[in-house]
Amino acid sequence: MNVVVIGPAGSGKSTFVKNFSSYLKEYDVKVVNLDPASDPIYRADRDIRSFVKTEDVMREYRLGINGALLKSMELSLRYIDELVVDGDFVIYDTPGQMELFLYSKHGLKIAEEISKGFSVCLFIIDAEIASTPENFASVVAQNAVISLRLSMPTLTVLNKCDVVDFDLKRVEEGLKDVGGVLGEIVEKLASLIEYTTLKFRVVKVSALKRTGFDDVFSAINEVFCSCGDIS
Ligand SMILES: Nc1nc2c(ncn2[C@@H]2O[C@H](COP(=O)(O)OP(=O)(O)OP(=O)(O)O)[C@@H](O)[C@H]2O)c(=O)[nH]1
Ligand SMILES: [Mg+2]
């Protein structure tokens, strides 16, 4: 099973990958770093930086950081066979620049190559960012964008719940009360939540304190359960 961990910069992806992989220690777990700009904070079984380092790409191609990241994705595709690995769980850490995967053709190709077979995406986001009804609705919408762009079922994992007091029920109830110009968008998104299983895919964790990992594990299994609803 491939687990692709995606999310904005600093949301806690690498911390999650490090600690969730050790939580799964009774399985054959492999960890792959796909961030060409950062050395992993865990022992990586495969590391994109063995082949492509963004700081070298900046120098060699005389590019700024964004251009170099895009170029790094393009160059990394040459080594894709070295980055794909087998295991009960293969966990992929990705760069904070989500658009590299979502909106660059090379990033999408890498995502396609690593997600052959059973794959799930974990959208890791700082719970603080989802803590108002409007922002929660935007996170749900983002989940839908990621699922559609990467063609992978995507679970939303609200991270840093050790420092953020996130009440999912209260936020969901607040969706009904958003008025003004945003009211209609939020109302429609609320029905998306109601009529799909998306809301069951919102899991609260602390990657740092290792809480909520049982819920992530169950949610991942739910996605693959033959009787589970992955609509
Ligand atoms: N309090 C708290 N801090 C966290 C948690 N998870 C990660 N952090 C902190 O958030 C910061 C960023 O964590 P990373 O794991 O590097 O985040 P990332 O998403 O991999 O960052 P980029 O690779 O730069 O996009 C670090 O200082 C972590 O210690 C958490 O659950 N709780
Ligand atoms: Mg990281």
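If you take every DSSP beta bridge whose two residues both sit in the range 2-220, what share of them, in percent to the nearest 5, is antiparallel? Walk me through the intermediate numbers first.
Working: 1 of 26 bridges.
Percent antiparallel among DSSP bridges in the range 2-220 is about 5.
Using the rule -39500 (n - 2.57) for each DSSP H run of four or more residues, divided by the residues of the chain, the 222 nm mean residue ellipticity is -13000 deg cm²/dmol. Positive contributions from Lys and Arg (+1) and negative ones from Asp and Glu (-1), summed over other residues with Cβ under 10 Å from the Cβ of ASN19, come out at +3. Sorted ascending by nearby beta carbons within 10 Å, beginning with the fewest, ILE65, ILE124, ILE193, ILE48 become ILE65, ILE193, ILE124, ILE48. Note that the range 1-142, at 25 °C in a medium of 0.890 mPa s, gets a Stokes-Einstein diffusion coefficient of 158 µm²/s from its Kirkwood radius over C-alpha pairs.
Looking at the range 67-163, I'd like the Rg to Rh ratio, where Rg is from alpha-carbon atoms and Rh is Kirkwood's inverse mean 1/r. Could the numbers behind the result be given before it?
On the way: Rg = 14.6 Å, Rh = 14.6 Å.
A ratio of 1.00.
FYI, it's all coordinate maths here, none of it is from the lab. All values reported here derive from a predicted model rather than from experimental measurement. Don't worry about glycine lacking a Cβ; one is built from the backbone with ideal geometry, like all the others, and counts go over all protein chains shown.
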